[in-house]
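Scroll down for the structure; my scribbles are underneath it.
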Amino acid sequence: MRGSAVTAIAFVLAQVLRLASNLILTRLLAPEAFGLMALVSMVLIGLALFSDMGIGPSIAQHKRGDDPDYLNTAWTIGVIRGALLFVVASALAWPAAWFYEAPQLLVLLPVGAVGLLIGGFTPTRVDSANRHLMLERVVFLDLFVQAATIAAMILVAWATGSVWALVIGGLLTPLLRIPLVLRFLPGEVNRFRWERAAAHDLIHFGKWIFLSTVGGFFLLQGDRAILGAHLTLTELGVYNIGAFLATFPILLGQAVTGRVLIPLYREAREPVGGEAVRARMRRLRYGLTAVLVALLAVFAFGGVPIVRLLYSPAYQEAGAIAVALSCVLMPQAIGLSYDQAALAAGDSRRFFFVTFARAVLQTGLFLIGANLGGLAGALIGQAVAILLAHPFLVWLAWRNGVWDLRHDALFFGVVLVLVLLALGMNAEALSSLWLDHA
């Protein structure tokens, strides 16, 4: 619970910083800059997800997670991965610039990919701290790095009025984070090492994580990839602002579950003390779901006035997008805590199958909806996909002994009422969204 609270508070503070920077940057940069950066981020995050070997979860759950040979082998794999990501991202610059009709990507993508290269050298001390729920220093360092990066982005945006302010932020984050991790986090000083047994375990566990993160790309970035071909850069920039507000609660939930639940699920499987851990985990699940649904309801009911209050007129349509997307994402909050149980048990194979099924549903229905009804149709497709995907999460939770029928039934009832009320209150704003993008 302490780890959850630390993670949640740090995430909220991080989002407050992000919102503050967002408000300043939207007054210094045109929506087109955010549209361009959405495409750059989509490619870079996509490559990072496509190549994710699950090093963090592997260290968190493996019995050798504190062994220096295991940690150094994991770090070596991360360095190799970072170098490969830089090469691939640079090679994709021309095809991406051609496909999205954005010639700026020819330069923006290779420069942005330098951040992936540097990030590959991140020490395993971060993963070790997460393994033992020593989260206070980790989140403090991340907040400090974020604040320094934001300050630099604002200065560059003020001086240039260019999208380069956003790209530079991606480079500064790993540059600042690595030396601070080495200075303030305890743990192994990583060296290049390739122990065959450790590499085998990492790759065996990671191969399913790798395949899962291919699906994860479409779950997290598929909307930008598809909408980039249907919207102008300005419209994509406005969508990005609305999505930033609406996805905040889901990202908060993922931050908590990713850092806290794997260690808890691992302890719950132990014969001594496991029942007490399972009881705490049930309380955590109910509390987490209630908080996430409440936060999504804030944007579902108040997205339009919030955007009207905070943003300039060029971004006002982001309010309707925030409302619609918050309603779409509410059911997703209900099953957010289930999939980590599989990773805690080392069952990355079933985790992959569920992630793949969710990705196919969401990408397919989002694409069909975009072709039939523009942005509004795409969001309707995403809503249907989330509902159809929940039984897969239930199956995964049941296989690992953590499914809670009462929890799901209670919160689906609450979500249904909230969504109907929010849609009714914002019918006029949502109708204009449909007419503008249909």
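Quick look at the values:
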item	result
Hey, G401 more than 24 Å from R224 (Cβ to Cβ), surrounded by fewer than 22 Cβ atoms within 10 Å (Cβ to Cβ), modelled with pLDDT of 90 or more and small (G, A, S) or not	no
Enumeration of residues in the range 176-223 that are surrounded by fewer than 16 Cβ atoms within 10 Å (Cβ to Cβ) and at pLDDT 80 or above	P179, L182, R183, F184, V189, R191, F192, W194, R196, A197
Those residues of the range 88-139 which are among the acidic types (D, E) and at positive phi, in sequence order	E101
Options V256, V307, V293: the member that is part of a helix (DSSP H, G or I), at pLDDT below 85 and crowded, with 18+ Cβ neighbours inside 10 Å	V256
Cβ-Cβ under 9 Å pairs, at least 6 apart or on other chains, the range 150-172 side over 21 Å from A113 (Cα atoms) and without any contact (Cβ under 8 Å) to a residue 60 or more places away in the chain, far side part of a helix (DSSP H, G or I) and of a type in the set (A, V, I, L, M)	L155/A165; A159/A165
Meets criteria (surrounded by fewer than 22 Cβ atoms within 10 Å (Cβ to Cβ) and free of Cβ contacts under 8 Å to residues at least 60 places away in the same chain) for V12	no
Among (1) touching a Pro at 6+ places or on another chain (Cβ under 6 Å); (2) in a loop (DSSP other than H, G, I, E, B) - the single one I386 does not satisfy	(2)
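The values are calculated or read from the model by the stated rules, or taken from the named source; none is laboratory data. Keep in mind that this is a model prediction, so the values were computed, not measured. All Cβ positions, even for glycine, are placed from backbone atoms using ideal geometry, and neighbour counts span all protein chains on display.
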